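Single-structure report; data block below.
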Amino acid sequence: MVELKLKRAVFLDRDGVINRNTVRHGRPAGPERLEDFVILPGVKEAVEAFHVAGYLVIVATNQPAADSTLVEAMHAKMRQSIRLDDVKICPHAERENCDCRKPKPGLLLEAAKERGIVLAESWMIGDRWRDIEAGKAAGCRTIFVDHHYANEPRPQMPDFTVGSLPEAVPLVIGKK
């Protein structure tokens, strides 16, 4: 008898979860230069803990205004620092009304279809309301990384709220 193992994932927003965000006018903004792309403390260890617990780790990020060459360089730097199974990018502006731009769940749904991921057994971790809404729309459990942005709407009812990605590890892997 062949035993099928369910695939589950931890989806991570990039800016503010994996790397340091800048805050402009009370709102989060991703780095604009490669040298400003800095992996946050504890991220590498958190991602490794997710892998050890049997999760795929996939980045799901909106990057509409960024230069594609810069985004590719940042992702190369990110992949050199931490072990990721995939990076899903929405390059579209909000006005384009695509299915992949968070808060829509397109990036998560695409990854699930490609890799056979069971979304009800998966997590979305992000620092903005858009991330939490995308996770909920995809059927994932959600964790909000609260950086207390002054002019950013708060998400509605995330499953959990933490101050950093490392704080999310025991919630995901069940070692509270």
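Regarding the range 51-65, can at least one residue be identified that is within 14 Å of VAL10 (Cβ to Cβ), modelled with pLDDT of 95 or more and part of a helix (DSSP H, G or I)? Checking the range 51-65: at least one residue is within 14 Å of VAL10 (Cβ to Cβ), modelled with pLDDT of 95 or more and part of a helix (DSSP H, G or I). From the list ASP86, ASP146, ASP127, ASP99, the lone residue that is among the charged types (D, E, K, R) and in contact with a Phe, Trp or Tyr (Cβ under 9 Å, 6 or more places away or on another chain) is ASP127.
Of the residues making up the range 161-176, those that are assigned to a helix (DSSP H, G or I) and either without any contact (Cβ under 8 Å) to a residue 60 or more places away in the chain or closer than 16 Å to ILE58 by Cβ (or both) are LEU165, GLU167, ALA168, PRO170, LEU171, VAL172. Which residue, of VAL71, VAL59, is more than 19 Å from PRO166 (Cα to Cα) and among the aliphatic types (A, V, I, L, M)? The unique qualifying residue is VAL71. The residue that is nearest to ILE117 (Cα to Cα), among those in the range 12-31 that are part of a strand (DSSP E or B) and within 13 Å of the chain's Cα centre (by Cα), is LEU12. I'd like the full set of residues that are buried (at least 16 other Cβ atoms within 10 Å of the Cβ) and either more than 16 Å from the chain's Cα centre (by Cα) or within 17 Å of LEU107 (Cβ to Cβ) (or both), limited to the range 32-69. Once the filter is applied, which keeps residues that are buried (at least 16 other Cβ atoms within 10 Å of the Cβ) and either more than 16 Å from the chain's Cα centre (by Cα) or within 17 Å of LEU107 (Cβ to Cβ) (or both), the range 32-69 yields TYR55, LEU56, VAL57, ILE58, VAL59, ALA60, THR61, ASN62, GLN63, ALA66.
The values are calculated or read from the model by the stated rules, or taken from the named source; none is laboratory data. Because the structure is a prediction, the values reported are computed rather than measured. Neighbour counts run over all protein chains shown; Cβ positions are idealised from the backbone, glycine included.
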